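The values are calculated or read from the model by the stated rules, or taken from the named source; none is laboratory data. Source: prediction; values computed, not measured. Note: ideal-geometry Cβ built from the backbone for every residue, glycine included; neighbour counts use all protein chains shown. All accessible areas refer to the heavy atoms of the entire protein, side chains included, with ligands and DNA or RNA removed. Shrake-Rupley method; radii C 1.70, N 1.55, O 1.52, S 1.80 Å.
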Amino acid sequence: MRILFLCNKNPYPERDGGCIAMNVNIKEAIRLGYDVKVVAINSKKNFTEIDSLPEDYKKKTAYESVMFDLKVRPLQFLSTYFTGKSPHITRFVSKDFEERLTRILIENEFDIIMLESIFMTPYIKTIRQNSNAKIVLRAHNVEFKIWERLYDSSKFIKKILLKHVYRTLRNYELKVINEVDEIFAITSVDADFFKQHTKVPVKVLPVGFDIDSIIEPKNIVEEKNTIFHIGAMNWMPNVEGINYFLDKIWPFIHEKNHNIKLYLAGRNMPDEFLQMKKDNVIVVGEVDDAKIFMKSKEIMIVPLLSGSGMRVKIIEAMTMGKVIVSTSIGVEGIDCENGKDILIADTPENFANAVLRVIDDAQLCETISNNARETVRLKYDIRRVFSKTLGLFI
């Protein structure tokens, strides 16, 4: 079987949750013996020097990429008010990419074309014209819901702009999901939503990990009395969540325990955080190795107020036995249980108390840590979830 993966950014290196979500499936398809090709968007926002990719990986994926300018310019954004088009979707429309894709489809036959995210759907028409392959949308999120939640929590001018963003994206998303042959939702929550709005078959393909091949960093000393957040900081829900944590939760934690340190890590850290000066708050920015960073700290926080899909960093941290405190939205779509393999808190006071509780209770931390590892092993082993879902499709 031949599978073409069309990716909205380079899946390798696995620098964020979206990359991990794409690359684990690519690697599993290769392991299963499928003939795989990857065509990815390269951009300044998520730039990768293609020559730096491992030769073995490029060979096995027949890797190609096309450079995009994904920056939304004011005039382009303004024009979408008159056309009714989504400013987010129009960024991903490229004549160069269309021509490259057309050539690839003419020269090759594929059984499945996997559109990684809604942002690759502008090329459905090109695919239909040049291929008989079945088109599968890998829906990493219900994209418009992210922006709708941000709209709901915003004020004034920002609210007006976000209303346009989420409404045009919603109109596009609800239309285009009817134009593919199958949808692989990343969570059961998203799958239930899609099933209400399309007759296209919908299955759940969560983010999995190759449990047997995970190598945890060795000889890393965990710094006690530490909490941390790691995530791409050019993703608005992460910025919103950290501002919420710093304003509403951190003062209570710091007042109760002056020994606790907060570490903030992630790519594209905004200047407002880099220049911030708060007692016991250390802004790290991008780290060289996310696993080493996570291993060296004690408690992971995920204070999300908006978003959709699955927070891959939570699953990744659970594979390492990390204790996680999250909001309900943060764990949305993850099969976990409050108090067993994670702690969930939706008010500032409850969130702060949950952090303080696990900092002070070593036995509770050990129990949650062990349960978290077991949850991932049973429910998120890529060799189970990918093969099962793809097998049903075939």
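Computed quantities for the displayed model
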| quantity | calculated |
| --- | --- |
| Euclidean distance of C-alpha centroids, the range 314-393 and the range 223-237, integer Å | 16 |
| Which of Lys158, Lys163 is most accessible, then next, and so on - probe 1.4 Å | Lys158, Lys163 |
| Solvent-free Debye scattering, log10 I(q)/I(0), computed from the Cα coordinates of the range 336-379 at q = 0.22, 0.31 Å⁻¹ | -0.73, -1.06 |
| Rounded percent of accessible protein surface that carbon and sulfur make up, the range 3-105, 1.4 Å probe | 54 |
| Top positive-direction residue, dipole computed over the chain with Cβ charges, set Phe119, Ile253, Phe228 | Phe119 |
| The chain: angle of helix 156-176 to the longest principal axis, Cα-based, in degrees nearest 10 | 50 |
| Ratio of Rg to Rh over the chain (Cα coordinates, Kirkwood Rh, two decimals) | 0.96 |
| Helix 17-31 vs. the chain, principal-axis angle (Cα, 0 to 90°, nearest 10) | 60 |
| Stretchable slack from Lys195 to Leu53, in nm (0.36 nm times residue separation minus alpha-carbon distance) | 47.3 nm |
| Debye equation applied to the C-alpha atoms of the range 111-155, log10 I(q)/I(0) at 0.13, 0.34 Å⁻¹ | -0.40, -1.16 |
| Where labels lie 7 Å past Cα in the beta-carbon direction, separation of Asp35 and Lys175 in nm | 3.6 |
| Extension gain, Arg357 back to Glu107 (0.36 nm per residue minus Cα-Cα distance, nm) | 84.0 nm |
| The chain, helix-only ellipticity at 222 nm - DSSP H runs n ≥ 4, -39,500 (n - 2.57), divided by all residues, nearest 500 | -13000 deg cm²/dmol |
| Those GluC sites (Glu not before Pro) in the range 307-394 that DSSP places in a loop and that have at most 14 other beta carbons within 10 Å | Glu337 |
| 1.4 Å probe accessible area per residue over the chain, in Å² | 45 |
| Reciprocal of mean inverse Cα separation for the range 5-131 (Kirkwood radius, Å) | 15.5 |
| Rh by Kirkwood over Cα pairs, then Stokes-Einstein D for the range 186-234 at 1.306 mPa s and 10 °C, µm²/s | 103 |
| Rounded to 10°, Cα long-axis angle of helix 74-83 versus longest principal axis of the chain | 60 |
| In nm, spacing of pseudo-spin labels at Glu64 and Glu216 (7 Å Cα→C-beta vector) | 4.2 |
| Lysine-lysine proximity count for the range 245-394, Cα under 18 Å, sequence distance 8 or more or distinct chains | 22 |
